[in-house]
Amino acid sequence: MRPTKADLEAARDRVVPDVLPAPGGTLRVLFSGINPGLYSGATGHHFARPGNRFWPALHASGFTGRLLAPSEQHLLPGFGLGITNLVRRTTARADELTPDELRDGGRRLRALVERHRPAYLAVAGVTAYRTAFGRPGTRIGPQDDTFGAARVWVLPNPSGLNASWSLDRIAAEFARLREAADALAADVG
């Protein structure tokens, strides 16, 4: 059932819990959004708004064998995947966040990565990444930065508001990340 306008407004400033494997579980890629939208806050599921391309790109890139619904986010740890956000509170739009919130979120994200030790941290949103980590020249793709042992990859924002990136282009970038994560796992294994 779709949230009503009242449900969406009531979801402002909620927190959508992270999706992470159990302690000691494998975490190949930790995806980080900018922050949850009101639709995600109302449903309790990451990237839940219809029109968001995260779940279709995840499937089209080969990370999952079928298209998962946002309500199936609990299945991600079985694929060695997790989801978090730079800023935990929900807003109607990411541009409601302050630079200080993004920088604070960047520090929280670093600590989370140190604790859960993913092979890759994939941040979906280049502008937010630039602000959170003081990297104004960052482009989409693999970064020279690392967070501890985790490699960093910046992905395009999968929001339907990001019209400059089609689903095919987003999925292709997700596929590049998946291939890198697969190659790293093969080297380690």
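The values are calculated or read from the model by the stated rules, or taken from the named source; none is laboratory data. Just so we're clear, the structure is a prediction, and the values are computed from it rather than from any experiment. So basically every Cβ, Gly included, is an ideal-geometry build from the backbone, and we count neighbours across all protein chains shown. Protein only, heavy atoms only, side chains kept; ligands, DNA and RNA dropped before computing areas. Shrake-Rupley method; radii C 1.70, N 1.55, O 1.52, S 1.80 Å.
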| request: Take the chain, connect every pair of alpha-carbon atoms lying under 10 Å apart with a spring to form a Gaussian network, then pick out the residue of L67, L177, L121 with the largest mean-square fluctuation. | output: L67
| request: Would you mind calculating the gained length between R12 and V188 on full extension (0.36 nm times residue separation, minus the Cα-Cα distance), in nm to one decimal? | output: 59.1 nm
| Assigned charges on the beta-carbon of Lys, Arg, Asp, Glu; the chain dipole about Cα centre (debye) | 120 debye
| message | From the phi angles alone, apply the Karplus equation (6.51, -1.76, 1.60; θ = phi - 60°) to region 73-85 and give each ³J(HN,Hα) in whole Hz, x where the residue is Gly or Pro. | response | 4, 5, 7, 4, x, x, 9, x, 10, x, 9, 9, 9
| remark: Distribution output for region 1-145: share of Cα-Cα pairs per 5 Å bin in percent, first bin at 0, values 2, 10, 19, 22, 21, 17, 8, 2, 0
| note | Computed from every Cα-Cα pair in region 77-189, P(r) in 10 Å bins starting at 0 and rounded to whole percents is 13, 45, 35, 6, 0
| field | Degrees between helix 167-188 axis and first principal axis of the chain (Cα, 0 to 90, nearest 10) | value | 40 degrees
| C-alpha long axis of helix 99-116 to longest principal axis of the chain, angle in ° | 50 degrees
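For region 33-189, calculate the relative contact order in percent as a whole number, restricting contacts to Cα pairs under 8 Å that are 6 or more residues apart.
On the way: 222 pairs, mean separation 41.5, N = 157.
Over region 33-189, the number comes to 26 percent.
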| What's the longest piece of the chain with no exposed trypsin sites (Lys or Arg not before Pro), counting a site as exposed if DSSP puts it in a loop and it has at most 11 other beta carbons within 10 Å? | 67-138
| task | Just the number, please: carbon plus sulfur as a percent of the accessible area of region 45-189, 1.4 Å probe, no ligands or DNA/RNA counted. | result | 51 percent
| field | Per residue value of the accessible surface for the chain (all protein chains in place, 1.4 Å probe), Å² | value | 49 Å²
